[in-house]
1. For the subset of the range 17-48 comprising residues that are open to solvent by 10 Å² or more (accessible area, probe 1.4 Å) and part of a strand (DSSP E or B), which member is modelled with the lowest pLDDT?
2. Going residue by residue through the range 150-163, is there one that turns out to be part of a helix (DSSP H, G or I) and either crowded, with 21+ Cβ neighbours inside 10 Å or among the aromatic types (Phe, Trp, Tyr) (or both)?
3. Within the range 65-90, how many residues turn out to be at positive phi and modelled with pLDDT of 95 or more?
4. Sort through Ala214, Ala231, Ala223, Ala236 and tell me the only one that's among the hydrophobic types (A, V, I, L, M, F, W, C) and in a loop (DSSP other than H, G, I, E, B).
5. What pairs can you find where one residue is in the range 126-150 and closer than 14 Å to Asp46 by Cα, the other is among the polar types (S, T, N, Q) and at pLDDT below 95, and their Cβ atoms are less than 6 Å apart, with a gap of 6+ or different chains?
6. Return yes or no: is Ala317 free of Cβ contacts under 8 Å to residues at least 60 places away in the same chain, assigned to a loop (DSSP other than H, G, I, E, B), open to solvent by 10 Å² or more (accessible area, probe 1.4 Å) and within 23 Å of Gly249 (Cβ to Cβ)?
Amino acid sequence: MSFNTFGRLFRVTTWGESHGQAIGATIDGCPPKIAISESDIQRYLDRRRPAQNKFTSQRREPDVVQIRSGIFENQTTGTPIQLEIMNHDQRSKDYTEIEDKFRPGHADLTYWQKYGIRDHRGGGRSSARETAARVAAGAIARKIIQEISPSVKITAYLVQMGKYAANPDNFDIKQIAENPFWTPDAAAAEVFAKYLDEVRKSGSSVGAVIEILASGVPAGLGAPIYAKLDADLAAAMMSINAVKAVEIGAGMSAASLTGEENADEIFVASDNVITFGSNNAGGILGGISTGQDIIVRFAVKPTSSIRTPRETITKDAQPTEIVTKGRHDPCVGIRAVPVAEAMMACVISDHILLHRGQIGKIRPEGEIL
């Protein structure tokens with residue numbers, strides 16, 4: 001199986017399966033002498049960890065990270081960093097009944113068609129369990145960003161669950177950590193709780209929309225053609241399990257705007273700093289960051305593993321019915337929030353290193369030219 005690595009200078013390779021002994025990540029390209037400890041990584045993994053409330057998978061995984069290489073005396077050495085997370089709570093027997101069946105909406109069928117073999121125990125490599133390794137890698141990326149461009153702040157949050165959306169007028173960044181849905185709208189959190197509890201008890205699932213905000217990003221990251229910052233961000237978000245759509249800035253709604261409405265007018269403030277009248281571009285123009293907030297959204301489909309009987313086929317192409325048992329997220333979008341932050345961090349750190357390698361200077365925040 002190829003293509004387990006992403007990034008150009010900051011390169012992340014994830015490995016392991018959902019029901020194997022362990023999962024992890026190997027990070028190459030991290031500069032030396034950056035202070036990193038296991039606790040720096042663990043705090044992000046704890047946000048993604050399952051079974052923290054009734055609205056997520058009840059698989060009991062401590063998700064404790066261990067650094068196996070690349071760190072000496074709590075500093076990076078410039079060599080590959082190996083991170084390992086042991087699996088503890090696999091219940092492979094829960095998947096016995098679907099060993100010869102393909103779950104509709106899941107990667108089972110295409111994985112079988114491509115490789116002729118599949119790990120039916122939780123989906124193997126196609127399981128969202130793999131994203132824990134991305135979150136660990138994202139913690140390393142954040143440390144690089146903090147060292148080179150400390151003005152950058154990355155925050156993700158859930159803005160829609162099923163047919164219910166958060167109210168932008170109620171946006172309060174302090175609320176994100178105060179509810180199990182990572183939403184900035186306290187009123188929406190109450191609606192989400194009631195709705196998802198009904199979905200969960202029925203054995204079904206529902207989708208969600210996640211928004212990621214990166215503020216303080218310096219102007220100049222990215223390149224005009226084959227290394228566009230927005231293209232790399234879209235690819236990174238699209239690689240997350242269950243993501244079916246990605247948009248940046250105005251996104252799909254830009255198609256309904258006129259040229260006058262869409263154009264983000266440019267001004268120079270009294271302190272000689274560039275400002276914009278709006279941010280339909282989502283902080284990126286021509287593949288290069290403008291210095292405005294980078295705003296990315298993606299849609300996550302409903303979890304494919306549900307208890308409602310669905311029609312499918314067997315490996316022998318025989319029609320059958322399937323019901324998926326086991327422990328699954330009724331809304332996988334909830335735990336996608338820390339994963340989204342990690343992928344944003346990985347892409348931005350990669351582009352900061354690329355920019356520094358070519359240009360040699362990260363433009364200070366507010367510098368005009």
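1. So the residue we want is Ala22.
2. no
3. Selection size over the range 65-90: 2.
4. Just a single option satisfies the conditions, and that option is Ala223.
5. Arg129/Ser18
6. No.
Table: residues versus (1) of a type in the set (Val, Ile, Thr); (2) touching a helix residue (DSSP H, G or I) at 6+ places or on another chain (Cβ under 8 Å); (3) modelled with pLDDT of 95 or more.
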site	(1), (2), (3)
Leu285	no, no, yes
Val296	yes, yes, yes
Arg310	no, no, no
Lys315	no, yes, no
Ser349	no, yes, yes
Leu354	no, no, yes
Ile359	yes, no, no
Glu367	no, no, no
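Conditions tested, residue by residue: (1) more than 21 Å from the chain's Cα centre (by Cα); (2) assigned to a loop (DSSP other than H, G, I, E, B); (3) surrounded by fewer than 22 Cβ atoms within 10 Å (Cβ to Cβ); (4) of a type in the set (Asp, Glu).
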position: Ile176; (1), (2), (3), (4): no, no, yes, no
position: Phe181; (1), (2), (3), (4): no, yes, no, no
position: Phe192; (1), (2), (3), (4): no, no, no, no
position: Glu198; (1), (2), (3), (4): yes, no, yes, yes
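The values are calculated or read from the model by the stated rules, or taken from the named source; none is laboratory data. Everything numeric here is computed off the predicted structure, so don't read it as measured data. With ideal geometry, Cβ positions are generated from the backbone for all residues, glycine too; neighbour counts draw on all protein chains shown. For accessibility, only protein heavy atoms count, side chains too; no ligands or nucleic acids. Shrake-Rupley method; radii C 1.70, N 1.55, O 1.52, S 1.80 Å.
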